[in-house]
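Participant: Dropping the structure in here first, questions after.
The values are calculated or read from the model by the stated rules, or taken from the named source; none is laboratory data. None of the values given here were measured: they were computed from a predicted structure. As a convention, Cβ positions derive from the backbone with ideal geometry for all residues, glycine included, and neighbour counts pool all protein chains shown.
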Amino acid sequence: MQFEVFTLLPEVFPSYLETSILKRARERGLIRVNVHNIRDYAHDKHHTTDDQPYGGGGGMVMKPEPVFEAVESALGTSAPGSEIPVILLTPQGRVFNQEVAKELSQHPRLALLCGRYEGVDERIRQRLATDEISIGDYVLTGGELPALILIDAVSRLLPNVLGDPTGAEDDSHAMGLLEYPHYTRPPVFRGDAVPEALLSGDHKRIDRWRREQALERTFRKRPDMLERADLSDADRKFLKSLTSNLQP
Ligand code: ADE
């Protein structure tokens, strides 16, 4: 997977991309992240990338020319309408989730446009972006953190990026449920013991315990997710026992 990131703050990216799983994925050639500085494509003396909004009002607006040039130079002039998604990170976009991450992971290449200032010239949204994604209903100062979040979530889904081949499948949200609780040593910490089922060595019992914990957590914390989850008859029976015995 190749990510092409377009930003006015390229210095934001390396520290996160040089750690942990993403670092290893890059070293192993599983992902590649090219960070393009939009300012390099502004040709006036001051390398201007923003300007005042027509119609007045506060704030500055990202100019279209350097953004179009940066994207077209990295992707080829056929960028608008080409096969490579050009994703504008904006609070106005469709909300990012595991399903969207999965969808994006099917592409070999993604372009990520990070907005700054008060906004971007509307023609960028209309004629350059093919998709708009928000990471949640709050406003950040720019699209850089959202772009890193998208790169992280998508990369984890690519073959061989996680050491454990079942890693991404068991993650919260991947199976449509919140994840079951994890424990490691010591067996008792400040009076709290690891649940007996996990120490039993009985893998069937451990699997059942984990599934039930995932179901119960989702029921308590995110009941909305249960409507979309892939549930077996046994799962439904367990959930029914919760609704009759417990208050969420
Ligand atoms: N830029 C500013 N806020 C954002 C958000 N919530 N999601 C994506 N991009 C953004």
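Participant: Tell me which residues, restricted to segment 173-197, are of a type in the set (V, I, T), assigned to a loop (DSSP other than H, G, I, E, B) and more than 26 Å from R156 (Cα to Cα).
Facilitator: V194
Participant: Which pairs have Cβ atoms under 9 Å, sit 6 or more apart or on different chains, and link a residue in segment 180-208 that is loosely packed, with under 13 Cβ neighbours inside 10 Å to one that is among the β-branched types (V, I, T)?
Facilitator: Pairs found: T184/V194; R185/V194; P186/V194; P187/V194; V188/V194; S200/I206.
Participant: Need the failing condition index for P195 against (1) more than 16 Å from the ligand (Cβ to nearest atom); (2) under 26 Å from F13 (Cβ atoms); (3) modelled with pLDDT of 95 or more, just the number.
Facilitator: (2)
Participant: With respect to A214, determine if the residue is buried (at least 17 other Cβ atoms within 10 Å of the Cβ), out of contact with any strand residue (DSSP E or B) (no Cβ under 6 Å at 6 or more places or on another chain) and not assigned by TED's automatic domain parsing to the domain that holds L9.
Facilitator: Considered against the rule, which asks whether it is buried (at least 17 other Cβ atoms within 10 Å of the Cβ), out of contact with any strand residue (DSSP E or B) (no Cβ under 6 Å at 6 or more places or on another chain) and not assigned by TED's automatic domain parsing to the domain that holds L9, A214 comes out as yes.
Participant: I need a count of the residues in segment 103-137 that are near the ligand (Cβ under 9 Å from one of its atoms), over 16 Å from the mean Cα position of the chain (by Cα) and at pLDDT 95 or above.
Facilitator: 0
Participant: Okay, next question. Taking the options V71, V61, name whichever one is farther than 20 Å from M1 by Cβ and within 27 Å of the chain's Cα centre (by Cα).
Facilitator: After applying the criteria, what remains is V61.
Participant: So which of V12, V67, V100, V35 is assigned to a strand (DSSP E or B), among the hydrophobic types (A, V, I, L, M, F, W, C) and either in contact with a helix residue (DSSP H, G or I) (Cβ under 8 Å, 6 or more places away or on another chain) or within 15 Å of the ligand (Cβ to nearest atom) (or both)?
Facilitator: Residue meeting the stated conditions: V35.
Participant: Tell me, which residue of segment 109-150 that is acidic (D, E) and assigned to a loop (DSSP other than H, G, I, E, B) is farthest from E65 (Cα to Cα)?
Facilitator: The residue in question is D137.
Participant: Restricting attention to segment 173-192, which residues are over 29 Å from P223 (Cβ atoms) and in contact with a helix residue (DSSP H, G or I) (Cβ under 9 Å, 6 or more places away or on another chain)?
Facilitator: P187
Participant: Taking segment 195-231 on its own, how many of its residues are farther than 16 Å from L178 by Cα and of a type in the set (G, A, S)?
Facilitator: Here the count works out to 3.
Participant: For segment 198-230, what are the residues that are modelled with pLDDT of 95 or more and not in a helix (DSSP H, G or I)?
Facilitator: Within segment 198-230, S200, G201, D202, R222 meet the criteria.
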